[in-house]
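I have placed the structure first, in the form of structure tokens, so that the comments after it can refer back to it.
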Amino acid sequence: INAWWADRTETVRTNELLSQLSVEWKNELSRLDATLGQFQRYQRAMVEIIRIHEDSSSTMSEEKALDLFEAHRWSTFKPSTAALDTLLSDSLDHVHNDALRQAIASWHSVLNEPAPEQNALLTVALGRAREIRADVADRLDLPIFDVADEKSPLAKYGAASGKLALAILTDDEFIRVQRRILDIATDYQEQLRSVRAKLAGNIELLEAQLGD
């Protein structure tokens, strides 16, 4: 009886942890969609920026430049794994579905799959791209937003005015670097879509176990 009760208690606890993981994974799915949406807006904005840059007959107003500058922002996906880590530190013995147990055990590895592209994006975007924005602002003696250390030019980004946005978006070096970022971002999105597809499958497995 004691063994049965202990097993029953562990099963209840595992299902509680799986319920928490279900909430976490569904939130992660929504956050992945939001990140992918950001990059799609970025791509559309950069295609338009590059088109205008290459077409000598096209002009860009300060208002349009500011809109495009805001649209070309993005941020990488930062996963949340609190419920996952709690479950992994506890036990997977009472996760009866083999596929679900393997999916849970390997999820950190899946989350690391986009790491090379993500690191490359951050290296270029947080390095040379920010330097260019700061250089353009300094050259024009225009204010820019700060995000971290006010003393560091690498912490500066953004455009406080349409004039600065226009100067940045028409800078040849900025366009060259953004082409590189655009290429990396395309690969990064493919990795995120792969992660999303696996996550959606995991949620189906998880919901099936919770429904048993």
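The values are calculated or read from the model by the stated rules, or taken from the named source; none is laboratory data. Keep in mind the model is a prediction, meaning the values are calculated, not measured. Cβ coordinates were reconstructed from backbone atoms using ideal geometry, including for glycine residues, and neighbour counts include every protein chain displayed. When the accessible area is computed, the model is the full protein with side chains, heavy atoms only, and any ligands, DNA or RNA have been set aside. Shrake-Rupley method; radii C 1.70, N 1.55, O 1.52, S 1.80 Å.
Couple of notes before you dig in:
- In the set (1) closer than 19 Å to GLN38 by Cα; (2) modelled with pLDDT of 85 or more, TYR157 fails one condition alone, (2).
Conditions tested, residue by residue: (1) touching a strand residue (DSSP E or B) at 6+ places or on another chain (Cβ under 9 Å); (2) loosely packed, with under 14 Cβ neighbours inside 10 Å; (3) not in a loop (DSSP other than H, G, I, E, B).
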site	(1), (2), (3)
THR35	no, no, yes
ARG44	no, yes, yes
LEU66	no, no, yes
SER75	no, yes, no
LEU87	no, no, yes
LEU92	no, no, no
VAL95	no, no, no
ARG101	no, no, yes
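- Cβ-Cβ under 6 Å pairs, at least 6 apart or on other chains, segment 48-62 side more than 15 Å from LYS163 (Cα to Cα) and open to solvent by 60 Å² or more (accessible area, probe 1.4 Å), far side modelled with pLDDT of 90 or more and of a type outside the set (Phe, Trp, Tyr): HIS53/ILE175
- Whichever residue in segment 70-113 is of a type in the set (Phe, Trp, Tyr) and under 15 Å from the mean Cα position of the chain (by Cα) and, among such residues, is farthest from ARG196 (Cα to Cα): TRP74
- Looking only at residues in segment 52-64 that are part of a helix (DSSP H, G or I) and closer than 23 Å to GLN40 by Cβ, the one that is farthest from the chain's Cα centre (by Cα) is GLU54.
- In segment 187-212, the residues that are of a type in the set (Ser, Thr, Tyr) reach residues that are surrounded by fewer than 16 Cβ atoms within 10 Å (Cβ to Cβ) with C-beta atoms within less than 8 angstrom, at least six apart or across chains, in these pairs: SER194/GLU113.
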